[in-house]
Amino acid sequence: MEGMIIMYDYKFIRIDISKWNNNPKEDYREIIRREARDGWELVQIFAPSLAAAGFSKYFEIILKREM
């Protein structure tokens, strides 16, 4: 395998956050489990600070799998 280049496909899933209770509008754990069954591996959960007071309006689940 030496010298072999591994290529990855990436997937980004946006999860909105409720402005009323600051909780995710979807069950992110179930999304990660479902995607793992299809061969996707969790890379990172990214939450930018975009809203007032530094809170995020959403976060993104970043996944990858070999092509």
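The values are calculated or read from the model by the stated rules, or taken from the named source; none is laboratory data. On a predicted model such as this, the values are computed, not experimentally measured, just so you know. Methodologically, a virtual Cβ is constructed for each residue, glycine included, from the backbone with ideal geometry; neighbour enumeration extends over all protein chains shown. Just so you know, the surface numbers come from the protein's heavy atoms only, side chains and all, with ligands and any DNA or RNA stripped out. Shrake-Rupley method; radii C 1.70, N 1.55, O 1.52, S 1.80 Å.
Summary table
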{"read-out": "Which listed residue is modelled with pLDDT of 95 or more and in contact with an Asp or Glu (Cβ under 7 Å, 6 or more places away or on another chain), from I62, I6, I13, I31", "value": "I13"}
{"read-out": "Among residues of segment 18-28, those that are touching a residue at least 12 places away in the same chain (Cβ under 8 Å) and either loosely packed, with under 13 Cβ neighbours inside 10 Å or among the hydrophobic types (A, V, I, L, M, F, W, C) (or both), counted", "value": "2"}
{"read-out": "In segment 32-49, the residues that are open to solvent by 60 Å² or more (accessible area, probe 1.4 Å) and over 12 Å from the mean Cα position of the chain (by Cα)", "value": "R34, R37, D38, S49"}
{"read-out": "Pairs with Cβ under 6 Å, 6+ apart, first in segment 29-50 and in contact (Cβ under 8 Å) with a residue 40 or more places away in the chain, second outside any helix (DSSP H, G or I)", "value": "none"}
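Yes or no, residue by residue, for (1) part of a strand (DSSP E or B); (2) touching a strand residue (DSSP E or B) at 6+ places or on another chain (Cβ under 9 Å); (3) of a type in the set (A, V, I, L, M, F, W, C); (4) surrounded by 10 or more Cβ atoms within 10 Å (Cβ to Cβ):
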{"position": "I5", "(1), (2), (3), (4)": "no, no, yes, no"}
{"position": "D16", "(1), (2), (3), (4)": "yes, yes, no, yes"}
{"position": "E30", "(1), (2), (3), (4)": "no, no, no, no"}
{"position": "I62", "(1), (2), (3), (4)": "yes, yes, yes, yes"}
